[in-house]
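A short write-up of the structure that comes next.
What follows draws every value from the coordinates through simple rules; no lab data is involved. Quick caveat, the model's predicted, so the values are computed rather than measured. Glycine gets a Cβ as well: all are built from the backbone with ideal geometry, and neighbour counts include every protein chain shown.
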Amino acid sequence: MNIDPPERGLFVTGTDTGVGKSVAAAWLAQKWSAAYWKPVQSGLEEECDSDFVRRLSGAAVFPERFRLTHPLSPHEAARRDGVHIGLDDFLAPVAPCPLIVEGAGGVLAPLNDEARMVDLMARLGLPVVLVARTALGTINHSLMSLECLRARGLQVWGAILSGPPDAVNREAIARFGRVRILAEIPRLEPLTRASLMAVPFCDEAP
């Protein structure tokens, strides 16, 4: 089965750092032949998130608005680089296809002394997909993140679970979080364009 994307695209956020947002973003870009944009890159590794998503999905990638040297929360990485991140600095690029926007860190990761990642989501006005782990603790982290998103008036479009399948946690997140599970992306060895493309949408996702 397949699911049509929202017309403008989605904002991919996570319950925390390292949860699998970039893999999920690459998967969505693959499925929908979408473009990709990472507004803030914290940490300039040999392969940054934009390079990773481009390699895995073949998506058109827009340049980051901020490329920060240190792999830290955006507010601290910006401080160390002598940069100030303001919400007025962000304008989503215009793409001829859906746009997958990937946040940095979790829902409440600070951008500056006042604004959080959720404020950037609200500014861009895209529906949101939450990426969550499948491991112990994910129910609490996922429900708190979903509650925060909805408290800001954001449309939660679905959730993607990252890690070894766990039916109990999946059911709890879907039921208590009132959210559809779009996909479960296991740890893929090797992680390639082909192995990622083989991951399906969940059967019950409408």
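Can you show me the helix-derived [θ] at 222 nm for the chain, built from DSSP H runs with n ≥ 4 at -39,500 (n - 2.57) apiece and divided by the number of residues, rounded to the nearest 500.
Numbers: 7 runs with 66 residues, N = 206.
Mean residue ellipticity, 222 nm, calculated: -9000 deg cm²/dmol.
Rounded to whole Hz and in sequence order, give me ³J(HN,Hα) for the stretch 107-118 from the Karplus expression 6.51 cos²θ - 1.76 cosθ + 1.60, θ = phi - 60°, writing x for Gly and Pro.
Listing the rounded values in order: 4, 9, 4, x, 9, 7, 5, 10, 8, 10, 4, 4 Hz.
Through the Karplus equation 6.51 cos²θ - 1.76 cosθ + 1.60, θ set to phi - 60°, convert the phi angles of the stretch 171-184 into ³J(HN,Hα) values in whole Hz; use x for Gly and Pro.
Per residue, the Karplus-derived 3J(HN,Hα) values read 5, 5, 5, 5, 6, 6, x, 6, 9, 7, 8, 6, 6, 10 Hz.
Apply the Karplus curve 6.51 cos²θ - 1.76 cosθ + 1.60, θ = phi - 60°, to the phi angles in the stretch 7-12 and return the couplings in whole Hz, x for Gly and Pro.
In residue order, the calculated couplings are 4, 8, x, 9, 9, 9 Hz.
Which whole-number value in Å³ per residue fits the convex hull of the alpha carbons of the stretch 9-197?
108
Name the residue farthest towards the positive end of the dipole of the stretch 43-130 from the options 48, 96, 109, assuming +1 on Cβ of Lys and Arg, -1 on Cβ of Asp and Glu, about the Cα centre.
Toward the positive end, the furthest listed residue is 96.
Near the amide H of residue 70, under 5 Å away, which other amide H atoms are found, from residues 5 or more places off or on another chain, if H is placed in the peptide plane?
Placed amide hydrogens put 43 under 5 Å from residue 70.
Can you tell me which of 27-37, 117-127, 142-152 comes out highest on packing, and rank the rest after it, using the mean Cβ neighbours within 10 Å? Numbers along the way, then the final one.
On the way: 27-37: 22.3, 117-127: 19.1, 142-152: 17.5.
Most protected by this proxy first, the peptides run 27-37, 117-127, 142-152.
Is the C-alpha gyration tensor of the stretch 1-100 telling us rounded, prolate or oblate? Criteria: a/c under 1.5 is rounded; beyond that, a/b larger than b/c is prolate, otherwise oblate. Don't skip to the end; give the middle numbers.
Values: a/c = 2.06, a/b = 1.65, b/c = 1.25.
Prolate, since a/c reaches 1.5 and a/b exceeds b/c.
When only C-alpha pairs under 8 Å and at least 6 residues apart count, what is the relative contact order of the chain, in percent? If you can, show how the numbers build up before the last one.
On the way: 426 pairs, mean separation 49.8, N = 206.
Normalised by residue count, the contact order of the chain is 24 percent.
Placing +1 at every Lys and Arg Cβ and -1 at every Asp and Glu Cβ, with all other atoms neutral, what dipole size does the chain have around its Cα centre, in debye to the nearest 20?
Numbers: 21 positive and 24 negative charges, 58 e Å.
Charge dipole of the chain: 280 debye, to the nearest 20.
Around residue 106, which amide H atoms from residues at least 5 apart in sequence, or from another chain, sit under 5 Å from its own amide H, with H modelled in the peptide plane?
17
Sorted from fewest to most neighbouring beta carbons within 10 Å, what does the list 7, 184, 76 look like?
Numbers: 7 7, 184 20, 76 13.
Listed from fewest to most nearby Cβ atoms, that is 7, 76, 184.
List the equivalent ellipsoid semi-axes of the stretch 138-206 in whole Å, largest first, each obtained as the square root of 5λ for an eigenvalue λ of the Cα gyration tensor.
On the way: eigenvalues 111, 33, 26 Å².
With the √(5λ) rule applied to the stretch 138-206, the semi-axes are 24, 13, 11 Å.
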